[in-house]
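The values are calculated or read from the model by the stated rules, or taken from the named source; none is laboratory data. Since the structure is predicted, the reported quantities are computational estimates derived from the model, not experimental observations. Every residue, glycine as well, gets a Cβ built from its backbone with ideal geometry; the counts of neighbours run over all protein chains shown. Side chains included, ligands, DNA and RNA excluded: accessible areas come from the protein's heavy atoms. Shrake-Rupley method; radii C 1.70, N 1.55, O 1.52, S 1.80 Å.
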Amino acid sequence: MTQPARSVLSEFWSPLCALGSHGPAGPNAQICLSVFGASIVPERPRLLAVLWKTNYTHDLVTETGTLAITVLAEGQEGLLAPLGLRSGREGPKLDGLEYRLTPEGDPVFAGGAGWLRGRVLERFDLGDATAFIVAVAETGTGSGRPLRWQDAQAAVGAEFLERWAEKSARDRAAAAEAMRWLPMEG
């Protein structure tokens with residue numbers, strides 16, 4: 001199924017988030033487009049966060065059961081390359097970035113539109129990804145308007161977009177092999 005350049009499906013992406021956790025090698029984070037509200041009870045806020053299994057942060061969230069999310073603000077496009085183009089498996093990818101750690105050890109990035117820390121309540125296997133239901137333990141406000149992928153693309157430059165397209169193509173190929181989907185008609 002091919003999608004036009006600006007598909008209605010892109011309207012379901014959340015603001016760009018830096019989603020982080022921690023492990024024996026320290027904190028790690030990635031760019032995440034899939035964080036959604038999952039509660040209508042204000043005193044029991046939950047989120048649904050979807051992480052692809054090929055991402056190192058997925059493994060850390062699975063192991064620790066904790067995470068922190070920074071909703072990136074317009075002007076934070078500079079975090080997209082370090083958090084979105086290389087893996088924490090290659091080494092400490094947060095070096096040189098401004099962040100603080102939650103009490104659990106998960107990174108929250110300075111300058112975001114807001115942040116939260118949470119604990120995983122439940123996991124759902126999607127084949128290529130895991131959907132985590134997260135109980136929000138604490139939130140904080142930031143400044144600026146949330147950064148959306150459609151707006152970020154105009155600010156990051158052609159070289160980044162080319163590298164992102166190459167990484168995305170590899171990720172999509174791996175996901176297509178592992179994802180749960182309709183049976184193939186034959």
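What the phi angles of the stretch 113-129 give under the Karplus curve with 6.51, -1.76 and 1.60, with θ = phi - 60°, is a coupling list of 6, x, 8, 7, 10, x, 10, 5, 8, 7, 10, 10, 7, 9, x, 8, 9 Hz, glycine and proline written as x. Structural descriptor for the chain: relative contact order 24 percent, calculated from alpha carbon pairs under 8 angstrom and at least 6 residues apart. Calculated [222 nm] ellipticity per residue, helices only, for the chain: -7000 deg cm²/dmol; basis is -39500 (n - 2.57) per DSSP H run with n ≥ 4, divided by all residues, nearest 500. When a 1.4 Å probe is rolled over the protein heavy atoms, the share of accessible surface on the chain that falls to carbon and sulfur comes to 55 percent. Residues whose amide H comes within less than 5 Å of that of Asp128, counting only those at least five positions distant or on another chain, are Met179, Arg180 (H built at 1.01 Å from N in the peptide plane).
Near Ala38, the amide H atoms lying under 5 Å from its own belong to Arg46, Leu47, Leu48; only residues 5 or more places off or on other chains count, and H is placed 1.01 Å from N. If only the Cβ of Lys and Arg carry +1 and only the Cβ of Asp and Glu carry -1, the dipole of the chain around its Cα centre is close to 160 debye. In sequence order, the stretch 8-24 has phi-based couplings of 4, 4, 5, 5, 8, 6, 7, x, 5, 10, 9, 10, x, 8, 8, x, x Hz under the Karplus curve 6.51 cos²θ - 1.76 cosθ + 1.60, θ = phi - 60°, and Gly or Pro positions carry x.
A 1.4 Å probe run over the protein chains yields, for the stretch 44-175, 50 Å² of accessible area per residue, whole-number rounding. Distance from the C-alpha centroid of the stretch 1-79 to that of the stretch 101-178: 3 Å, rounded to the whole angstrom. Take every pair of alpha-carbon atoms less than 8 Å apart whose residues are at least six positions apart; their mean separation over the length of the stretch 85-186 yields a relative contact order of 23 percent.
In order along the stretch 159-173, phi translates into HN-Hα couplings of 4, 4, 4, 5, 5, 5, 5, 5, 5, 4, 5, 5, 4, 5, 5 Hz, rounded to whole numbers, per the Karplus curve 6.51 cos²θ - 1.76 cosθ + 1.60 with θ = phi - 60° and x for Gly and Pro.
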